[in-house]
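The values are calculated or read from the model by the stated rules, or taken from the named source; none is laboratory data. This is a predicted model, so every value here is computed, not measured. Methodologically, a virtual Cβ is constructed for each residue, glycine included, from the backbone with ideal geometry; neighbour enumeration extends over all protein chains shown. Side chains included, ligands, DNA and RNA excluded: accessible areas come from the protein's heavy atoms. Shrake-Rupley method; radii C 1.70, N 1.55, O 1.52, S 1.80 Å.
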Amino acid sequence: MIYDMNYRRKFNTGTTFRILVGLLMLLIGACKKDKIEAIKIPLSITEYFPNSGNQGTLVTIQGTGFGENPEHVTGTFGGINADVVSVTPDEIVLRAPLNGKSGEISLKVNDEQVSVGSYTYQELSVGAISPSNGGAGTHIKISGAGFSSLLQPAQVFVNGKAAVVITVMDTLLIAEVPVGAGSGPVMVKVDGKEASGQIFKFQLINSIKPLSGGKGTVVRINGTGFEEEAAGNIVYFNGKIATVTASAADHLLVIAPDQVNTGPLSVTINGQKLSGPVFTVVAPPVIDVVTPLSGPKGSEMTISGALFSAIADENKVFINGIAIPVQSVTETRIKLIVPGGTGNGTVKVVVNDQVTEGPQFKDQNLGVFSVSPDNGLAGTTVTIHGSGFSTNAASNKVYFNGILAPVKTATENTIVLDAPTGLSTGDLKIVTGGQEALAPQKFRRAGIITLAGGPNSHDFGSALTSMALDNDGNIYVVDATNKVLKKITPDGIVSTLKSNGTILTFAAPYGIVIDKQNNIYVSDQSSREIRKITPSGQNTVYASGFAAGLMTFDNDGNMYANVSGFGAGMNRVTPSGNYSKVIGPLWPNSRTVVDAAGGVYFVDQGATGNNGISKLNPANPNDMLRIGSSNPDYVDEIGLAARFNGIEGGLALFGNIKMIAGDRYNYAIREVDIATRAVSTLFKLTPGFADGTLTSAKIASMNDLAVDKEGNIYILDSGNKAVRKVLLK
C-alpha cells in the first residue's frame, strides 16, 4: 500500500512538471511570435516648419515612425547637434542650436537616418499658421519673426500664389488665401529674404451631383482638400447635418438628411466652412402613363410623367425588380427597350434615389401600345395599336370598361372597332389567345354633343349672349334676337320662359345669372334694369340705374355686374339691390367669376384686350394679379408667361381649385390652377360644326361657359345657334 502511494505521488509530480514546462514553452513561443509579427512603422517626413530662424527657434517635424523616446532621437542643423524638445510617434520638435549654421536638418531615430530639409539662419522665420486649412478668402494668422520691413511691405504666398496681406507686425501676419491657391507651404518675403512655413491645405467644392433630390439621395461632392477620414468632414444641407459614407481627398459621398430643405450645401473641416452649390429638394418622380403595359422583347416602352431628370444617368427604371437601361430621357418622358425575360411585375422609376412605383407590366406577346382616339362617345371609331393580336377579328375580345365591343378588322398589330353603346369611362382590355392586355390609359367617355339648336335649327335666334344653370340641371339662355329666355332641360328639350302663363319678354336682354335659390336675374340694357324672376314666376326689378352686361355672384350673395359701355367698369350689387363701383376693372365684357376666398377674376378689354385674366382683391384694390398679357398667342405657362387669344367665352369655376377660360380664337378651353396660376389646355377644337371626340369636334364661337355638378362643361356656341355639351367622364 505504501509503495503504491509513493508511486502515484511520483507519477503526479512528474506529470505536473511536464505540463508546466509545456505551458512555459507555449508562452515563450507566443511572445517570440508576437515580437516577430510586430509591425514596424517606416520613418518618413511629411512636413517641417519653419525652414529659417535664429538660434533657439523651435522647428516642428511631422511624419511617421518617430517612436516616443527622446533618447532614441538625435537631430543636427548643418552638422551641429540640436536639442530634442519633444517626441511623439508623428511629431518631433527640435531647437535650432547655438552657433549653428545654415544647412541640412538631419534626423536620426534609433539607427535610421533621414534628411528633413534645409534650414537658414536669419531674422526672418515663418512658424505655425492658423487655420491651416480652408478655402479662398480664408484669413490666416502667420506666426514667426522678422516680418517688419525697412524697405517694402512683407509679401505672403500660398503655394506660390500671392495673397493679400491684411495685417503686419514683427511676429504676426494676417493674409487672405487667394482664389485657386491650391495646397502648399506659406512663404513670406521681406527685404529680399524669404522663408517657408507650414503647409496650408486648400479646400474647395467644385460641384455636387445630383443637384436635386430629397431625403436619402446620395450626393457626390467633388472638390479638393477633403479629409480622407469620413469623420473629419461635416456636411450640411441648408443647415441640416448629413451622413458621410465615403471620403477621399477629391470627393465625398453623403446622404441627404431627413427633412432636407432647398438651400446651399456646405462642408466644414477643422472648423473651416466651405460653401457649395444649392441642393434643390424635389418631390419623387410622378408616373402618369406607361405604354405598353405588356409586350414582348424589343418593345419600346415610354414612361410619361413629371420630375424625371434630364440627365440620363440620374434616372433608373426597374421592371419586376430588374434594372432596364434608359435609352433617352426628358423631364417628362423616359424611353427604354423591353429586354424580355423580366417576368410580370411593377414598373418602378428611381430619380436621384427618390422612388415611385407605377403600374404592373406583363412579360408576354400581347400588348397595347396606343389607342386613337383615347376618348369618345358610343359609335366613335377606335384604332388600337399593339402586338400579338389575332388576325382573325373575332378571336380578339375588346372590352370598354367591361362592355364587349365587336372588332371590325384586325391584323397582328392593329385592331379597328367602334366604341359600344352604354360606354363609360374605364379600362380598355383586350383578350386574345388566353392572354389579357390593358391599354396604357383608361378610355374616357368624352366628347362634344349638341344639346340644343344647331346651324339649321330654329330653336334660337342668331344672337345668344349668355347662359346659366339652375340647381336642377336646366340651362337658361338669353336669346337676344327674340328678346326672350329659353329653357333647356337636361334631355335637350327647349321652351320659352313664361311668367304667370305669359311669355316673358325684355327690351334688350343680355346677361343672366341664377342664385342658390333658383332665382333668375336678367340684365335688360335698354331699360337699365336687372330683373329678378322667382321660381314661382314673380318678375320684379332687382336693381336699376345702369346698363348691366354679364353677371356673377360671390358666396355671400353679392353680384358683380359688368357695365355696358366703353370704360364703364364693373358694379357690385348687394343683396338689397344697392350698387357701387368696383375699383380696378376698366372695360370687362366677359363673364367674371369669384373664388371661395372672394378673389374676383375678370377679363378686361381695356387692360389686356380680352387676352388676359386679372384677379382683384375687393378688400385691397391695389392687390391685382394677372394671368396672361395683352399679347394674343397660345402658350400654356404660369402667370404672365401664359398666352390667350380672346377670352370671350368668359370664365367659370371648375371644381374647388380651378377655373376654365373660353379661349375663343384658339378654339380651346383652357384650365387655370387658381393657387399656382398655371395655365394648361383642357382640349382644343377646330372651327366649324361637328359633334365628336375632344379632338374631332368643331365649334364656331364661345360666347359663355357653364359647368354642372358632374363636371360637364356647356359652351354657348352662338355662331352655330347652339348649346354644346362637353362630356369629360
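Here are some notes:
- ILE129 surrounded by 15 or more Cβ atoms within 10 Å (Cβ to Cβ) and more than 58 Å from the chain's Cα centre (by Cα): no
- Where a residue in the range 638-650 is in contact (Cβ under 8 Å) with a residue 12 or more places away in the chain and its partner, wherever it lies, is outside any helix (DSSP H, G or I) and of a type in the set (Phe, Trp, Tyr), with Cβ under 8 Å and at least six apart: ARG643/TYR634; PHE644/TYR634; ASN645/TYR634
- Test: residue in the range 179-194 that is within 24 Å of ILE234 (Cβ to Cβ), within 50 Å of the chain's Cα centre (by Cα) and polar (S, T, N, Q): yes
- Among the residues listed as THR496, THR489, the single one being surrounded by fewer than 19 Cβ atoms within 10 Å (Cβ to Cβ), over 21 Å from ARG591 (Cα atoms), touching a strand residue (DSSP E or B) at 6+ places or on another chain (Cβ under 7 Å) and at pLDDT 95 or above: THR496
- The criterion of at least 3 residues that are open to solvent by 10 Å² or more (accessible area, probe 1.4 Å) and touching a strand residue (DSSP E or B) at 6+ places or on another chain (Cβ under 9 Å) is met, among strands (runs of 3 or more DSSP E) falling completely within the range 362-457, by 367-372, 381-387, 407-410, 414-418, 428-432, 435-438, 447-453.
- Test: residue in the range 468-482 that is more than 47 Å from the chain's Cα centre (by Cα) and surrounded by fewer than 19 Cβ atoms within 10 Å (Cβ to Cβ): yes
- Qualifying residue in the range 141-149 (condition: aromatic (Phe, Trp, Tyr) and open to solvent by 20 Å² or more (accessible area, probe 1.4 Å)): no
- Per the conditions (1) open to solvent by less than 40 Å² (accessible area, probe 1.4 Å); (2) farther than 15 Å from TYR510 by Cα; (3) in a strand (DSSP E or B), the sole criterion not satisfied by THR552 is (2).
- One residue alone among ALA607, ALA642, ALA619 is hydrophobic (A, V, I, L, M, F, W, C), crowded, with 16+ Cβ neighbours inside 10 Å and more than 31 Å from the chain's Cα centre (by Cα), and that residue is ALA607.
- In the condition set (1) open to solvent by less than 30 Å² (accessible area, probe 1.4 Å); (2) within 23 Å of LEU211 (Cβ to Cβ); (3) in contact with a Phe, Trp or Tyr (Cβ under 7 Å, 6 or more places away or on another chain), THR356 is compliant with all but (3).
- Look at (1) within 17 Å of ILE269 (Cβ to Cβ); (2) open to solvent by less than 70 Å² (accessible area, probe 1.4 Å); (3) in contact (Cβ under 8 Å) with a residue 24 or more places away in the chain; (4) within 45 Å of the chain's Cα centre (by Cα) and you find that ALA230 fails only one, number (3).
- Condition met for PHE237 (open to solvent by less than 70 Å² (accessible area, probe 1.4 Å) and farther than 30 Å from THR60 by Cα): yes
- With respect to the conditions (1) crowded, with 18+ Cβ neighbours inside 10 Å; (2) touching a strand residue (DSSP E or B) at 6+ places or on another chain (Cβ under 6 Å), SER680 lacks only one, and its number is (1).
- Selection status of VAL513, closer than 26 Å to ALA607 by Cβ, in contact (Cβ under 8 Å) with a residue 24 or more places away in the chain, open to solvent by less than 20 Å² (accessible area, probe 1.4 Å) and not small (Gly, Ala, Ser): yes
- Some residue of the range 674-686 being in contact (Cβ under 8 Å) with a residue 40 or more places away in the chain and of a type in the set (S, T, N, Q): yes
- Taken over the range 701-714, the residue count meeting the criterion of being part of a loop (DSSP other than H, G, I, E, B) and either touching a residue at least 40 places away in the same chain (Cβ under 8 Å) or open to solvent by less than 10 Å² (accessible area, probe 1.4 Å) (or both) is 7.
- Residues (β-branched (Val, Ile, Thr), free of Cβ contacts under 8 Å to residues at least 40 places away in the same chain and closer than 18 Å to GLN354 by Cβ) located in the range 276-321: VAL317
- Answer from GLU68, GLU112 - the residue that is surrounded by fewer than 17 Cβ atoms within 10 Å (Cβ to Cβ), of a type in the set (D, E, K, R), in contact with a Pro (Cβ under 7 Å, 6 or more places away or on another chain) and modelled with pLDDT under 95: GLU68
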